[in-house]
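The values are calculated or read from the model by the stated rules, or taken from the named source; none is laboratory data. Not measured: the values here are computed from a predicted model. With ideal geometry, Cβ positions are generated from the backbone for all residues, glycine too; neighbour counts draw on all protein chains shown. We work out accessible area using only protein heavy atoms, side chains counted, and drop any ligands, DNA or RNA first. Shrake-Rupley method; radii C 1.70, N 1.55, O 1.52, S 1.80 Å.
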Amino acid sequence: MRNSRALAVSAAAVAALGLAAPAAVAWDSASNIVALPSVIARGGQMTITVDGCPQGGTATSSAFPSTHLSPISGANETSKGTATINNDAAPGSYSITVNCTGRQPLTRDAAFTVIGGVRGGLGGSSTTGATPTDMAIGGGLVALAVIGGGVFWMRRRAEKRV
């Protein structure tokens, strides 16, 4: 009976030590990186939130310059910053590395995706106004509508007499 009691006590001690060890390790590093929006166009602004970063720090990526993270008041050990995506960033997935003051650095792979921009243009618009061809087509359609309306009105009038 004494052996089983000693075995139970030692198993409980090992379990308690095993559960406390990850918590002690997590205390020394940031625990979570969230990038919103997770899909963003070049030149857009993205908010980075980091849990386990009570004193702030910096966030870096190859898609944006180093960004300062500030502690959020009222949030327990969370910091936040805003990054602007470079205009020349290539489309694709990017990782974020966070260096919190007094903590181990943390990297999140494929934290966000940069999409290519839209090539804008005039889209067929004209800056000179209507061309003579446009005026001729429009005038013809108006004349056709007037003639069609007159014929319809004359036929309706003739039906009333009969």
Carbon plus sulfur fraction of accessible area for region 34-97, probe 1.4 Å, in percent: 49
Note, ³J(HN,Hα) from phi for region 102-111, Karplus 6.51, -1.76, 1.60, rounded to Hz, x at Gly and Pro: x, 10, 6, x, 10, 10, 10, 6, 6, 6
Placed amide H near ALA111: partners under 5 Å, 5+ positions off or other chain: TYR94, SER95, ILE96
In Hz, Karplus ³J(HN,Hα) per residue of region 75-87 (6.51, -1.76, 1.60; θ = phi - 60°; x = Gly, Pro): 9, 6, 6, 10, 10, 8, x, 10, 10, 9, 5, 4, 5
Where labels lie 7 Å past Cα in the beta-carbon direction, separation of GLN55 and THR131 in nm: 6.9
Using θ = phi - 60° and Karplus 6.51 cos²θ - 1.76 cosθ + 1.60, couplings along region 48-62 (whole Hz; Gly, Pro as x): 10, 10, 10, 8, x, 9, x, 10, x, x, 9, 10, 10, 7, 6
